[in-house]
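The values are calculated or read from the model by the stated rules, or taken from the named source; none is laboratory data. If you're wondering where the values come from, they're calculated on a predicted model, not measured in any experiment. Heads up, the Cβs are rebuilt from the backbone with ideal geometry, glycines too, and the neighbour counts pull from every protein chain shown.
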Amino acid sequence: MILTLAQTLSTPSPQGGGEFRRGACPGLSAPMPTGDGLLARLLPTGTIPLDAFQALCAAAREHGNGIIEITARGSIQVRGLSAASAVRFAAAIAKLNIAASDTIQVQSNPLAGLDPEEILDASEIAAALRRALAKTPLPRHLAPKVSVIVDGGGAPSLGHLVADVRLRAGRSNDQVVFHLSVAGDQTNAMALGSVVLDHAIEVPLHLLDVIARSGHAARARDVVAADAGDAFRAAIADFLMPNAPPPSVQQPSEPIGTYPLRDGTVACGLGLAFGHATAASLEELTRAAAAQGAAGLRTAPGRALLILGLARQAAASMAAAAERLGFVVHADDARRSVFACAGAPICSSAHIAARAMAPRVAEIAASRLGTDFDIHVSGCAKGCAHSKQAALTIVGTANGCAMIAGGRPGGVPFATVPTDELPEAIARFADASRREGSEADGHESCKESSRESSQETDHV
């Protein structure tokens with residue numbers, strides 16, 4: 001049964017905390033084996049009180065190895081759990097009543113409901129869609145990594161995230177509409193048209209049903225590849241608005257920085273270097289936030305945290321405290337342009353210690369790193385840390401470090417070097433790139449080969 005927006009907004013969720021629990025990819029109820037034990041993940045769907053986050057960090061120390069990660073999509077990951085301690089960790093987190101999702105991922109803007117510039121509060125639509133999904137068999141028939149983005153037009157932007165189904169709020173003739181697209185980020189997703197606000201739940205359910213009927217492992221990109229999107233268009237043809245204007249280009253925005261909030265306070269965005277931190281440092285950060293009068297925090301895509309409810313004069317003090325603890329507080333920090341997975345020995349699939357290498361990589365290429373030059377260090381060819389092309393991708397293999405220009409981990413390397421020779425090889429590549437201004441022309445054939453031989457990988 002397809003539910004209307006009004007029905008789902010008024011229907012209580014099936015469980016406290018607001019979300020249907022599915023136990024996949026890898027949720028609290030089904031942690032995933034890794035090289036350092038079990039990995040548990042949760043995607044918060046709202047503000048986390050400071051005391052609850054403090055307790056989460058304490059539980060990570062008690063039941064895991066004390067390493068906490070914020071992923072590229074804004075999920076919290078806790079590492080080093082055992083089969084027994086994972087159960088105790090899940091029980092401890094359940095007592096904190098942190099609103100989080102363990103079903104099909106439906107993501108809204110990090111500051112939804114708080115941002116004075118947003119077109120609408122996307123978190124309400126996202127919550128309604130999760131409730132509607134919980135009333136259908138769809139979660140059992142969709143691949144665990146299928147995702148939906150509900151973008152209310154607020155900051156930080158979600159335009160860079162890949163999703164199977166995208167809804168982006170806009171305005172047409174003085175009414176709020178949702179622009180629909182599938183299989184990609186805002187630059188490459190296939191546009192399907194626009195729908196009025198009251199169809200914002202029905203339409204994504206129809207699109208997800210198309211994916212589910214294509215097989216349990218199917219993703220939106222598979223449907224598009226099979227029929228150029230005809231099945232998607234047919235499923236929602238009756239809902240599409242005639243002659244709706246296309247969405248405007250959404251400008252990218254970093255989660256690092258200061259954001260004004262509706263109530264006159266601000267949010268201070270800061271990053272976890274290479275996506276991870278110790279539970280102890282995060283506990284200390286939380287205490288600093290409390291001392292500055294913060295009201296809570298939210299996770300954000302881009303491996304970041306947003307400290308909420310700060311007085312304007314307190315934001316600088318909060319950033320200074322975070323910087324002293326080793327967190328990233330400047331958007332142009334070189335560490336923001338190096339993407340690294342956990343690597344060996346943390347990940348059993350990895351051939352190199354990607355994350356341990358990342359600080360040295362950032363140091364070597366610091367003068368070149370930025371929006372036009374990034375580096376992806378991947379322990380293996382899966383490329384979990386970064387779904388897009390990078391100026392330089394380094395992949396651990398049984399034969400050494402494969403170096404790929406302008407591509408992804410599945411691309412064709414221009415060189416493979418021993419691990420101990422990697423720093424010099426990176427320096428040479430960065431120097432050559434700096435001199436030439438861009439490696440795009442010189443490696444165009446390598447890029448094309450990378451595109452043909454690789455497939456999109458989800459952010460983790």
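Based on this model, can you work out whether VAL361 counts as of a type in the set (Val, Ile, Thr), in contact with a helix residue (DSSP H, G or I) (Cβ under 8 Å, 6 or more places away or on another chain) and modelled with pLDDT of 80 or more? In short, yes. The residues listed here are LEU138, LEU96, LEU133; of these, the one that is surrounded by 19 or more Cβ atoms within 10 Å (Cβ to Cβ) and in contact (Cβ under 8 Å) with a residue 12 or more places away in the chain is LEU133. Condition check for ARG213 on (1) more than 27 Å from GLY113 (Cβ to Cβ); (2) not assigned by TED's automatic domain parsing to the domain that holds ILE104: one failure, at (2). Screening ARG262 on (1) closer than 25 Å to ARG166 by Cα; (2) at pLDDT 95 or above; (3) among the charged types (D, E, K, R) shows it passes everything except condition (1).
Test ARG73 against the stated conditions and say whether it is assigned to a helix (DSSP H, G or I) and charged (D, E, K, R). Against the criterion (assigned to a helix (DSSP H, G or I) and charged (D, E, K, R)), ARG73 does not qualify. Restricting attention to the range 219-256 and to residues that are in contact with a helix residue (DSSP H, G or I) (Cβ under 9 Å, 6 or more places away or on another chain), farther than 20 Å from LEU167 by Cβ and surrounded by 18 or more Cβ atoms within 10 Å (Cβ to Cβ), the residue that is modelled with the lowest pLDDT turns out to be GLU254. Checked against (1) in contact with a strand residue (DSSP E or B) (Cβ under 9 Å, 6 or more places away or on another chain); (2) assigned to a helix (DSSP H, G or I); (3) under 30 Å from ARG61 (Cβ atoms), ALA92 meets all criteria but (1).
Per the listing ILE346, ILE352, the residue uniquely over 22 Å from the mean Cα position of the chain (by Cα), not assigned by TED's automatic domain parsing to the domain that holds ARG73 and not in a helix (DSSP H, G or I) is ILE352.
Residues in the range 26-47 that are part of a loop (DSSP other than H, G, I, E, B) and touching a Phe, Trp or Tyr at 6+ places or on another chain (Cβ under 9 Å) were compared, and the one that is modelled with the lowest pLDDT is LEU28. Residues in the range 364-388 that are at pLDDT 95 or above and polar (S, T, N, Q): SER378 only.
Would you check if there is a residue in the range 179-192 being at pLDDT below 95 and surrounded by 20 or more Cβ atoms within 10 Å (Cβ to Cβ)? Within the range 179-192, one or more residues are at pLDDT below 95 and surrounded by 20 or more Cβ atoms within 10 Å (Cβ to Cβ). Checking ALA391, ALA385 one by one, the residue that is among the aliphatic types (A, V, I, L, M), part of a strand (DSSP E or B) and under 22 Å from GLU254 (Cβ atoms) is ALA391 and no other. Answer yes or no as to whether ALA267 is within 30 Å of SER378 (Cβ to Cβ) and within 22 Å of the chain's Cα centre (by Cα). Here the answer is no, as ALA267 does not meet what is asked. Looking across ARG298, ARG312, ARG287, ARG262, one residue alone is touching a residue at least 40 places away in the same chain (Cβ under 8 Å), surrounded by 22 or more Cβ atoms within 10 Å (Cβ to Cβ) and basic (Lys, Arg). It is ARG298. Of all positions in the range 368-381, at least one carries a residue that is surrounded by 24 or more Cβ atoms within 10 Å (Cβ to Cβ) and touching a Gly at 6+ places or on another chain (Cβ under 6 Å). Checking each residue in the range 48-61 for being in contact (Cβ under 8 Å) with a residue 24 or more places away in the chain, of a type outside the set (Gly, Ala, Ser) and either in a helix (DSSP H, G or I) or more than 14 Å from ILE93 (Cβ to Cβ) (or both) picks out LEU50, PHE53, GLN54, LEU56, CYS57, ARG61.
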